[in-house]
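Here the structure is laid out as structure tokens; the discussion comes afterwards.
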Amino acid sequence: MSNEVAKKLEAYQFIAFAAALIATLGSLYFSEILLFIPCELCWYQRIFMYPLVIITAISIIKKTHDTAIYTFVLSIIGGFISLYHYSIQKVPFLNENSPSCGLVPCNTDYINWLGFITIPFLALIAFIIISICSHLMMKQMKEGK
């Protein structure tokens, strides 16, 4: 593997790690500092986001890039959960007809910056960034062989 390819892979890994870390710290800030109680769909998104921090950190430390498939799969699944959750909040039909999912309804907007930025939207953006970086890593490794 050339030095240029290795640098690209490291950059993609770092971007994915940064997105996962920021999303994790953000979710902990909302729940532990601002005391927002996460709904059930928020918990599912956390289940898929939190391991991404650990997986990407270990792969950066070990300088291995074969974890891209795992980060890709986790981020795609988490992204679909975020998209569904965001749709429940922003699509009127889904908002009105969504069942309550625990103590906190899933259509609750704790934040609504600029009329469209909600917590599931922020998670979705992080999952998209991670999945793009993971896809680019897999593509780069395939081409670099």
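A few notes on this one:
- Anchor K90: aspartates and glutamates whose Cα lies under 14 Å away (excluding residues fewer than 8 positions away in-chain): D109
- Two-site FRET efficiency, I61 against K139, from Cβ-Cβ distance with R₀ of 22 Å, rounded to 0.05: 0.40
- Within the shell defined by Cβ-Cβ distances under 15 Å, the residues around L25 carry a net charge of 0, with Lys and Arg each +1 and Asp and Glu each -1.
- Working note: Karplus 6.51/-1.76/1.60 with θ = phi - 60° gives the stretch 43-51 the couplings 5, 4, 5, 5, 4, 8, 7, 4, x Hz, where Gly and Pro are set to x.
- Based on DSSP H segments of at least four residues, each scored -39500 (n - 2.57), the chain has a per-residue ellipticity at 222 nm of -25000 deg cm²/dmol.
- Calculated on the Cα set of the stretch 3-144, radius of gyration then Dmax: 16.3, 54 Å.
- Cβ-based exposure ranking for F36, F127, F121, F14, in which fewest neighbours within 10 Å come first: F14, F36, F121, F127
A short reminder: the numbers here are calculations on the coordinates, not readings from a lab. As the structure is a prediction and not an experimental result, all values here were calculated from the model. Cβ: placed from backbone, ideal geometry, glycine included. Neighbour counts: every protein chain shown.
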